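Below: the structure, in structure tokens.
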Amino acid sequence: MDPAAPPNSVVTIMIKNPNGADQDFCLEVPLADTCVRDVKRLLHEKHPEHPDPSTQRLIFAGKLLVDESLTADVLKQVSCPLATNTPVWPSSL
């Protein structure tokens, strides 16, 4: 189990269907000891179309997720660029 994540942590994952925005689906996933394979099983159980886990390809932050990867580890790898509205002053000559 990930020592940084509280034992009962749950994250909501939005699954976007590449075939259309109307097929997006939210899934609550426990972080403790959950791997990508478990997310695929949950998606199979809870999604109305019950997609088979062997046909699912989950992509996060532009990377294809490996079934054995822990969900908490995958979510740690995300970095968000920082954009600020700081004025840039021209250097004096």
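Taken together, the criteria place residue 52 among residues that are modelled with pLDDT of 90 or more and among the charged types (D, E, K, R).
The set of residues in the stretch 32-49 being open to solvent by 70 Å² or more (accessible area, probe 1.4 Å), closer than 16 Å to residue 14 by Cα and outside any helix (DSSP H, G or I) consists of 48, 49. Taking the stretch 3-30 as the search range and keeping residues that are in contact with a helix residue (DSSP H, G or I) (Cβ under 9 Å, 6 or more places away or on another chain), under 16 Å from residue 70 (Cα atoms) and open to solvent by 30 Å² or more (accessible area, probe 1.4 Å), which one is modelled with the lowest pLDDT? Once the filter is applied, the top-ranked residue is 4.
Filter the stretch 63-79 down to residues that are modelled with pLDDT of 85 or more and assigned to a loop (DSSP other than H, G, I, E, B) and give me whichever is nearest to residue 15 (Cα to Cα). By that ranking, first place goes to 65.
The residue pairs whose first member lies in the stretch 54-78 and is loosely packed, with under 15 Cβ neighbours inside 10 Å, whose second member is part of a helix (DSSP H, G or I), and whose beta carbons are closer than 6 Å, counting only pairs six or more residues apart or on different chains, are 67/36; 67/37.
The values are calculated or read from the model by the stated rules, or taken from the named source; none is laboratory data. For clarity, every value in this text was computed on a predicted model and none was experimentally measured. Methodologically, a virtual Cβ is constructed for each residue, glycine included, from the backbone with ideal geometry; neighbour enumeration extends over all protein chains shown. Side chains included, ligands, DNA and RNA excluded: accessible areas come from the protein's heavy atoms. Shrake-Rupley method; radii C 1.70, N 1.55, O 1.52, S 1.80 Å.
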